[in-house]
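The values are calculated or read from the model by the stated rules, or taken from the named source; none is laboratory data. Computed from a predicted structure; not experimentally measured. Backbone-built Cβ (ideal geometry, glycine too); neighbour counts: all protein chains shown. The accessibility values were calculated without ligands, DNA or RNA, using every heavy atom of the protein model including side chains. Shrake-Rupley method; radii C 1.70, N 1.55, O 1.52, S 1.80 Å.
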Amino acid sequence: QVQLVESGGGLVQPGGSLRLSCAASIAAFRLYTMTWYRQAPGKERELVASITSTGSPNYTDSVKGRFTISRDNAKNTVYLQMNSLKPEDTAVYYCNAGFINRDYWGQGTQVTVSS
């Protein structure tokens, strides 16, 4: 059974940092594009960052220069390093794994940026 388990969320002050992790129990993890999404209260889910099977990253404009996505195929894990956090980054962050017609989601982890 495929599972994606996010961790690393929490409460942080503006300007602070968090690192999210997503551990995936997926065969051939290295073939999947891994993506972080987020959903704030009352808003639609939005793509934050993705990384292809070859390690090519992509970011939404609002996080460029602040967030870094990376993956460790040996550990079947994808990371999201979040620096210079802002209150508008507050959301539930979800991990997604996609490959051809396969699409898997984690349960989400809450990130709250507040003083």
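Surface composition of region 1-82: carbon plus sulfur atoms contribute 47% of the solvent-accessible area (1.4 Å probe, protein chains only, all chains present). The loop-placed GluC sites (Glu not before Pro) in region 1-73, going by DSSP, that have at most 10 neighbouring Cβ atoms within 10 Å of their Cβ come out as E44. Rolling a 1.4 Å probe over the protein heavy atoms leaves R102 with an accessible area of roughly 120 Å².
Between F99 and S84, the distance separating the two model label sites (each 7 Å from Cα on the Cα→Cβ line) works out to 3.5 nm. Each of the peptides 87-95, 66-74 was scored by the mean count of other Cβ atoms within 10 Å over its residues; in descending order, highest first, they stand as 87-95, 66-74. Applied to region 23-40, the Karplus parametrisation 6.51 cos²θ - 1.76 cosθ + 1.60 on θ = phi - 60° returns per-residue 3J(HN,Hα) values of 9, 10, 9, 10, 5, 6, 3, 4, 7, 8, 7, 10, 9, 9, 10, 9, 9, 8 Hz, with x for Gly and Pro.
Rolling a 1.4 Å probe over the heavy atoms of the protein chains gives the chain an accessible area of 53 Å² per residue.
Ratio of Rg to Rh for the chain: 0.95 [Cα atoms; Kirkwood radius as inverse mean 1/r over pairs].
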